[in-house]
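Q: Please see the structure below; I have some questions.
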Amino acid sequence: MPLGVPAAYEGSDKLAEANAQVHEADNAKNKTAYESFVIEQVRGSIAQASGAYAAAAKSYEAQIASGRVSGAEVRLSETRARRHKRTNGFN
């Protein structure tokens, strides 16, 4: 399952900072396949929380392509995120 956005980064002003840190981590050299996977999990969570649904979908596709999660697991996470958004009235 994708990781959630850490509580310290909740709120739109902090999401940009979290995204910058993910970008920095992604640019690190000699990452393992697992590290790349975790970066995609966090990137997808940030994108979803930011309302950047195309970017979130791209991240979820990368997670599936990694072979570490099934498409069903990612779709379940996407469904949960949409339900959470509707329930909490996020725009």
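The values are calculated or read from the model by the stated rules, or taken from the named source; none is laboratory data. Just so it is clear, the model here is predicted, and its values are computed rather than measured. No Cβ is skipped: glycine too gets one built from the backbone with ideal geometry, and neighbour counts run over all protein chains shown.
Q: Would you point out the residue of region 35-73, among those that are part of a loop (DSSP other than H, G, I, E, B) and in contact (Cβ under 8 Å) with a residue 24 or more places away in the chain, that is nearest to Ala25 (Cα to Cα)?
A: Across region 35-73, the extreme among qualifying residues is Ser66.
Q: Out of the residues in region 71-91 that are touching a helix residue (DSSP H, G or I) at 6+ places or on another chain (Cβ under 9 Å) and at pLDDT 75 or above, state the one that is farthest from Ala47 (Cα to Cα).
A: Glu73
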